[in-house]
Structure formats: C-alpha cells, structure tokens
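Where a number appears in this text, it was derived from the coordinates with a stated rule and is not lab data. Given the structure is predicted, the values throughout are model-derived calculations rather than measurements. Quick reminder, even Gly has a Cβ in these numbers, built from the backbone with ideal geometry, and neighbours come from all protein chains shown.
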Amino acid sequence: MSFEIHKWDGLAKRGKFTTKSGRSFETPALFPVVHPKAQRISPETLQNVLGFDQFIISTYIISKHYEIDTLPSIHEFLDSKSVIMMDSGAYQLMLYGDVELSSEGTIRIQEKLQTDIGVIMDHPIGYDVSFKEAKKRVETTVNRVNESLKLIGDESAVSWTLPIQGGKYLDLIGSYLDQVITAEILKKYSFFALGSVVQVMINQDYSTLVKMIITAKEKLPVKFPLHLFGAGHPAMFALAAYLGCDTFDSAAYSLMAKDGRYMTSYGTYHINDLPDLPCVCPVCSKVTLYDFINSKDKTTMLALHNLWVSKQEIMEIRLAISRGDLWDLVIRRANTVPGLARATKLAIKMLCQKRRIRDLYLSGTPASKNYAIRISNKIDLLKPEIQFIIDRAAGFIDNISNDVVIILFIDMTSTSSKRLPEKLLTNLRNEVVSGIFLASPVFGYIPISVNELFPTSQYTSDLTIDEMNLELLEKQKDIMKLQDVSNLIAISDYTWPDEIINKLLHKLDFKIIKTDKIYSELLKI
Ligand SMILES: [Zn+2]
C-alpha cells in the first residue's frame with residue numbers, strides 16, 4: 001500500500017494510491033456508487049469506456065441480496081479489474097435504524113470477498129441529530145475502531161478505511177480524531193473518510209461541510225488520503241479537492257438520472273426544460289434532444305451523460321492542480337450552485353486564518369510558477385501565493401529600527417514596471433536598503449530585499465487601485481510604527497493618486513517626492 005503524492009496545490013494534491021492488493025488509481029478520484037442488483041452501467045463500462053479505475057459498493061446491500069459464502073471474490077463476482085471499495089452499510093443503518101450486520105460481520109465479509117479498500121462499520125450522524133445523541137454515536141464508532149484492531153489481522157490484504165464521525169458538531173470531530181489517531185490504530189488503516197456528509201449536502205449546507213473538512217484536516221496525518229463519503233454534485237468537487245479531499249464517491253449520477261435530471265458543471269436541469277443539449281459527451285453528441293427524451297434508454301443515457309460530466313470535472317481538477325491554479329477553478333464553480341459561493345468564501349477565510357491549516361496550505365503552494373498569477377476579483381487578493389508573501393514580509397515590517405524609511409509608491413497594476421533594477425540595490429548603502437519598502441496594493445508593504453520573490457513581479461490585475469488591498473496597507477502602518485520614524489520619505493510615480501497616499505500615511509510626518517524617475521531619486525539618498 002502506498003500513496004505517492006506527485007504535485008501539491010495548497011491542500012490539494014495529485015497522486016497515485018496503490019492498494020495492499022496491488023491495484024492502483026490516480027487521485028483526485030471519483031468512486032461511482034455501483035448497485036449490485038440495479039446497476040445500469042456495468043463496472044466494465046465504467047472502467048473501459050468512461051475511464052473510472054475505481055468504484056464503491058455497499059457491503060450491506062450485497063449481504064442482503066446474496067449468500068456471501070457462495071460468492072467468489074468481489075472482482076470475479078462483478079467481472080471487474082477496477083479498484084473496489086466496499087462501504088460498510090452504515091448509511092443504511094442510519095436511514096433504517098438497524099441492519100442485520102454486525103461490525104465484525106462487515107469486516108469478515110469484506111475480507112472474504114477480497115475487496116481492495118474496506119470500510120469498518122461506523123455509526124453515522126444525521127443532520128437533525130442532537131449533540132447528545134451525536135456524542136453517543138461517536139463513542140460507538142470509537143469502540144468499533146478499537147474492536148477492529150483485534151479483527152483485522154496484520155496480514156490483511158485489504159486497505160482499511162477509518163471513518164471520521166462527529167457530523168456537524170466540530171468539537172466531536174476533533175475529540176473523535178484525538179482518540180483514534182494513535183500509532184497502533186494507524187498501523188491497521190490506510191485511508192480516512194469523512195462521513196455523515198450526505199444529509200449536509202442534501203440540505204445544501206456547504207458551509208457546514210467546509211467546517212467539517214477543515215476541522216478534520218487540521219488533525220489528520222498528511223500522508224493518508226482523505227475520502228469524502230457522498231460528495232454529490234460535481235460543481236463542489238473542486239472545492240472539496242481544494243480543501244484536501246483526495247477521493248469522493250457519489251450516487252448522484254444515477255439518482256439524478258432517475259429523476260430526469262441532467263448535470264452540467266455549472267448546475268443541474270430537468271432534461272425536459274432544456275432547449276438544446278449543451279454537451280459534446282459521447283452520449284449527447286450522437287442524438288437530438290427529442291430522441292434523447294423519447295428514448296426507452298433515457299435513464300441510462302442520462303446516467304452515462306452525468307458520469308461523463310463528473311469525469312470531465314475530475315480531469316479539470318487534476319489539470320488545475322498540475323498547473324497550480326485550482327483556486328481559479330474553485331472560484332469559477334462557486335457561483336454555480338446555491339450556497340457554494342458562501343461556503344467558498346468561508347473556506348478561504350478559514351484557510352487564511354486558522355494557524356495550523358494555514359501553514360499546511362501555504363507550504364503546499366508552489367514557490368514559483370512559469371506564468372503570472374491572475375487577480376480578476378477582489379477575492380483573488382487572498383490567493384495563497386499572495387498570503388505567502390504577506391507572511392514573509394511580516395518579520396521585516398514588524399522590526400524596523402531605521403531612522404530613514406523610504407516608501408516607494410510605484411505602478412503596481414501593469415505588468416511591465418514592477419521590477420526594480422537589481423543593480424540599484426548594489427549601488428545603495430546597506431542601511432539605506434533595509435529602510436526601503438514598496439507599497440503594494442496587493443502584498444502590503446514589501447521590504448525591497450523580498451521584492452524578487454514570486455509573484456511580487458509576476459501577476460496581472462484587473463482591479464482598479466481602490467478595489468485593491470488598501471486596508472492591509474493601513475493596518476500595517478501601525479505594525480511598522482511609522483509614527484516613530486524620524487525621517488519618512490514617500491517617493492511616488494504618477495499612477496498613485498495623492499489622496500490615496502495621504503490617506504495611507506494619514507497623521508504621519510512625511511515628505512513626498514513625485515517623480516517619474518524613482519530610481520535616480522533613490523540614488524541621490
Ligand atoms: Zn452529455
């Protein structure tokens with residue numbers, strides 16, 4: 001069993017997971033839910049036509065319909081070479097109250113059928129469950145995890161999944177993980193999976209989902225993949241991946257098809273409401289809308305189309321991680337489904353503010369890229385590359401002891417003029433250099449020595465100056481204690497309006513020099 005991580009983008013990663021049984025798949029990955037009795041699209045089609053090398057199936061449903069002792073391995077039974085994950089059936093337990101399947105029985109069945117990835121029986125928590133009841137269920141799950149240690153042999157060929165419980169109660173998720181993240185338990189498990197998500201998604205409460213994922217990520221060991229049970233619509237896959245979920249499963253392609261619903265990456269429509277088929281997948285490109293709606297195979301065709309859309313989204317996410325611009329995809333998707341924009345803003349705020357997760361998030365952000373980052377909307381000012389520079393500059397601006405401080409207000413909105421000539425610095429005295437700061441409406445005050453770091457000179461912005469991060473400059477004025485500097489000089493080109501400079505340096509005693517020749521002005525000092 002191994003999880004090789006090839007590329008990070010913030011908390012998101014591209015990788016390859018190889019199960020103990022030797023099968024592998026690339027991440028991020030979607031596990032379509034397969035029903036052993038009512039499956040419209042065969043596992044063979046899933047793999048060889050649609051390119052899904054993995055799917056998930058319920059232990060509970062198999063045990064309900066078949067005599068386990070008469071079955072061969074799950075791969076033989078389903079005639080598939082894919083990676084198969086067997087869910088425990090805990091979700092049915094939550095829906096129907098009880099199932100005739102013990103936690104020991106679940107493990108035995110999965111071992112007997114030689115699943116690649118197994119899931120122990122946990123006790124999920126519905127959306128409307130009280131805190132007291134949720135706490136009880138968390139305790140049940142902790143007990144089952146502890147029991148599993150005796151039931152899972154050291155030689156088990158199954159890669160076992162440790163479910164994460166607590167539901168919408170974040171403290172419970174935290175205390176649950178404190179109890180189950182032990183060396184002894186981690187020896188038996190290969191995967192983590194966040195549960196109790198389906199009903200949060202049905203209520204379109206993406207903000208709660210964001211909080212649940214981030215709470216879990218703060219505690220989880222980095223080298224274990226994180227699965228999201230019941231991820232739902234593809235429009236939210238990008239955000240889930242951005243928060244560090246490596247795999248998802250979803251039955252939405254099939255459930256929506258039964259309701260006549262047609263997925264797109266920007267929302268779902270009833271097929272009868274469409275004026276045309278807005279898709280070029282192998283299903284839609286071969287038929288007219290009229291033939292689609294009137295086909296006797298309409299539900300299967302819808303399920304196939306929905307899977308193509310889901311697959312396309314996964315491929316876009318993988319490409320975006322490789323390029324290091326998953327942020328841009330997340331922001332594009334935020335406006336597609338109600339509630340997702342609010343959840344996306346919340347996610348960004350939490351990633352920027354919560355200390356441990358911020359460190360992990362920024363450490364996963366590529367230190368440089370071979371293209372300029374884009375600032376198209378105000379929210380882009382919170383991109384991790386920008387936060388990284390703000391963090392780097394913090395140590396310098398917190399600790400100024402210079403008598404002379406020079407602030408350069410130069411054009412930061414066009415791509416051509418952001419670089420200061422390197423020879424300028426070598427021609428200046430050291431004590432002068434340490435007192436020179438660029439006032440950047442993107443990065444705040446940047447010491448001139450940090451000016452070459454990506455992306456201080458490699459970004460493009462579509463914002464006007466008053467839409468930019470002026471609040472940061474105002475806040476940093478106090479941190480820098482500019483009021484204590486005996487000789488404060490502002491050198492500005494003509495791109496910075498006087499009223500903005502005056503506002504930023506309000507109440508300070510400073511001298512302003514307006515010039516188009518900033519560098520020669522500096523050399524005079
Ligand atoms: Zn299509």
*Which listed residue (272, 347, 252) has the Cα farthest towards the positive end of the charge dipole for the stretch 241-357, taking +1 on Lys and Arg C-beta and -1 on Asp and Glu C-beta about the Cα centre?*
347
_Too-long pairs where the Cα-Cα distance tops 27 Å, listed order kept, from 16/81; 112/136; 349/477; 345/507_ = 112/136; 345/507
*Please work out the Kirkwood hydrodynamic radius for the stretch 168-228, using every pair of different C-alpha atoms, and report it in angstroms with one decimal place.*
12.3
*Rounded, prolate or oblate: which fits the stretch 308-347 when a ≥ b ≥ c are the square roots of the eigenvalues of the alpha-carbon gyration tensor, with rounded for a/c under 1.5 and prolate only if a/b beats b/c?*
oblate
_I'd like the orientation of helix 470-479 relative to the chain: the angle between its Cα long axis and the longest Cα principal axis, in ° from 0 to 90, rounded to 10._
70
*Taking K and R as +1 and D and E as -1, what net charge do the other residues with C-beta under 13 Å from the C-beta of residue 289 add up to?*
-1
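Decide, for the stretch 418-525, between rounded, prolate and oblate: order the square roots of the alpha carbon gyration tensor eigenvalues as a ≥ b ≥ c, take rounded if a/c falls under 1.5, and otherwise choose prolate if a/b is larger than b/c, else oblate.
It is rounded, given that a/c, with a ≥ b ≥ c, falls under 1.5.
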*If you project the alpha carbons of the stretch 114-221 onto their three principal axes, what span does each projection cover, largest first, in Å?*
41, 25, 22
*How much FRET efficiency would the formula 1/(1 + (r/R0)^6) give for residue 483 and residue 44, where r is the Cβ-Cβ distance and R0 is 56 Å, rounded to 0.05?*
0.15
*Would you mind computing, in nm to one decimal, how far apart the modelled labels at residue 222 and residue 298 are, each placed 7 Å from Cα along Cα→Cβ?*
5.1
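Given the -39500 (n - 2.57) contribution per DSSP H run of 4+ residues, what per-residue ellipticity at 222 nm results for the chain, rounded to the nearest 500 deg cm²/dmol?
Numbers: 23 runs with 214 residues, N = 525.
It comes out at -11500 deg cm²/dmol, rounded to the nearest 500.
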*Report the paramagnetic label zone for residue 287: residues of the stretch 238-260 whose backbone N is under 12 Å from a point 7 Å from Cα along the Cα-to-Cβ axis.*
none
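For the stretch 1-156, with only Lys/Arg (+1) and Asp/Glu (-1) charged at the beta-carbon, what is the dipole magnitude about the Cα centre, in debye rounded to 20?
Values: 18 positive and 22 negative charges, 83 e Å.
Taking the Cα centre of the stretch 1-156 as origin, the dipole is about 400 debye.
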*Residue order, fewest to most beta carbons within 10 Å, for 263, 350*: 350, 263
*Just the number, please: percent antiparallel of the DSSP beta bridges in the stretch 1-140, rounded to the nearest 5.*
60
*Distance (nanometres) between label positions extended 7 Å along Cα→Cβ at residue 430 and residue 5*: 3.8
_No Cys partner within the rule (Cβ under 4.7 Å), the chain_ = 245, 281, 352
*Looking at the chain, what % of its DSSP beta bridges pair antiparallel, to the nearest 5?*
30
*Once you have the Cα-Cα distance between residue 512 and residue 273, take 0.36 nm times their residue separation minus that, and quote the gain in nm to one decimal.*
79.8 nm
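About the Cα centre, and with charges only on the beta carbon of Lys, Arg (+1) and Asp, Glu (-1), how big is the dipole of the chain? Nearest 20 debye, please.
Numbers: 60 positive and 61 negative charges, 59 e Å.
Magnitude of the dipole: close to 280 debye.
Say R0 is 56 Å: what FRET efficiency, to the nearest 0.05, do residue 136 and residue 471 get from their beta-carbon distance?
Numbers: r = 46 Å, r/R0 = 0.82.
Plugging the Cβ-Cβ distance into 1/(1 + (r/R0)^6) gives 0.75.
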*Taking amide hydrogens as modeled 1.01 Å from N in the peptide plane, which residues meet the under 5 Å criterion relative to residue 262, leaving out close sequence neighbours?*
269, 270, 271
*asked:* I need the Debye-formula profile for the chain: one equal scatterer per C-alpha, no solvent, reported as log10 I(q)/I(0) at q = 0.11, 0.12 1/Å, two decimals.
replied: -0.95, -1.06
*Rounded to the nearest 0.05, what FRET efficiency do residue 280 and residue 404 give with R0 = 51 Å and r taken as the Cβ-Cβ distance? Could you check?*
0.20
